Amino acid sequence: MLSIIVPVLDEAENLERLLPHLRARCPEAEVIVVDGGSGDRTALVARAWPHGRYLVGECGRARQMNAGARAARGDIFLFLHADTRLPAGAAAAIVDALADPAVAGGRFDVRFSSPRWPFRVIAAFMNRRSRLTRIATGDQAMFIRRTVFEALGGYPDIPLMEDVELSARLKRRGRIRCLGLRVTTSARKWERDGILRTIVLMWALRLLYFLGVDPARLHRWYYGPPHRAVSASRGRGSA
C-alpha cells in the first residue's frame, strides 16, 4: 500500500483542490493529512473528505510528517506538500521504481505552476542538480520504503532542511531513483518574495547548513522571531 502524507498549516484552499486530485490520481492510496495547528478551515476541509484521515500534530513539518508515518498503514511513504500536484501514473511509477530491492527511495522531477520562462529554467536546474547529488527537496515529492524510513528514525527533528538531511541519510541506505515524471508545485513563494531574492536565500541557507550552522538558527533567520514565525510559516504554506 502507498501512504500519502500531507503536512499542512492553514492550507484549506489548497486542500480543497488537492484531496479530489489525489483521489483521481491515486485512488488506492491511503491519504493522511497532518495539521500543525491551522487557524483557517483546514480541519473542516480535511474532516469532510471521506477518503482520508486527519491528524493534529506538533507544528513543524518534520514532526508532522513523522506523525503521519507512525499512523500510516502503507509500506511505501510519499510525502507531499499541499500545493503540489502529482502527474498521471505517479503511483505506478513509484511501485515500479521500488521493484528493485536496491532502491531505497526517490523523488520526482518538478515544474512550477507558473508558465513564465524563469520558472522553467529554475525547475530544470533543480532537477539536474538533484540528479547529480541525489539530494531532493520536499517540493519534489519524496518517496521511501517504510522499512528504510523507520531504520533511519524518520525525518530528523530539525525545523529546517529536514528534507535535505533525510536525502543525505537515504543515500547511505541504497540507491535513489530520480523519476522523470514531473510534479507541479506552486510558484507563489517565488512570485511573492522575488525570484532572485528567493534563489539567493535558498542557496545561502543550504550553504550555511552544510557548514554546520544550527537549523534552529537558520529557521529564525528564515521566518523571524518566534512571535512572527507562525504567521510567516502560514503565509509561506508548504512551498
Practice task
Run the numbers on the range 1-91 and let me know its relative contact order in percent, using alpha-carbon pairs under 8 Å that are six or more apart.
Solution key: 44 percent
Exercise for the section: For the chain, set up a Gaussian network in which alpha carbons nearer than 10 Å are linked by springs, and say which option among ALA124, ALA90, ALA24 fluctuates the most. Expected result: ALA24
Handout entry: Candidates per GluC sites (Glu not before Pro) in the range 129-215, loop by DSSP, up to 14 other Cβ within 10 Å
Key = none
Practice task
With the full set of protein chains in place, find how many percent of the accessible area of the range 30-156 is carbon and sulfur; take the probe as 1.4 Å.
Solution key: 57 percent
Fill in the blank from the handout: Per the 1/(1 + (r/R0)^6) rule, R0 = 30 Å and r from the Cβ atoms of MET1 and SER113, FRET efficiency to 0.05 is 0.55
Completion exercise
Computed over the range 57-164, the relative contact order (Cα-Cα under 8 Å, seq sep at least six) in percent reads 41 percent
Completion exercise
Reviewing (i) 67, 48, 36; (ii) 41, 40, 37; (iii) 46, 38, 36, the figure for Cα extents along the principal axes in Å actually calculated from this model sits under (ii)
Problem - Long-range HN-HN contacts of ASP40 with modeled amide H, under 5 Å - result: ASP10
Completion exercise
Per the C-alpha gyration tensor (a ≥ b ≥ c, the square roots of its eigenvalues), the range 139-229 is rounded if a/c is under 1.5, else prolate if a/b beats b/c, else oblate; here it's oblate
Problem - Per-pair calculated FRET efficiency, R0 = 25 Å: ASP157 and ASP75 via Cβ, rounded to 0.05 - result: 0.60
Problem - Distance between modelled label sites at VAL200 and LEU44, nm, 7 Å Cα→Cβ extension - result: 4.1 nm
Completion exercise
For the chain, averaging the sequence separation of alpha carbon pairs under 8 Å that lie six or more residues apart and dividing by its residue count, the contact order in percent is 22 percent
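The values are calculated or read from the model by the stated rules, or taken from the named source; none is laboratory data. Every value quoted in this text rests on a predicted model; they were computed, and no experiment measured them. Neighbour counts run over all protein chains shown; Cβ positions are idealised from the backbone, glycine included. Keep in mind that these areas ignore ligands, DNA and RNA; they rest on the heavy atoms of the full protein, side chains included. Shrake-Rupley method; radii C 1.70, N 1.55, O 1.52, S 1.80 Å.
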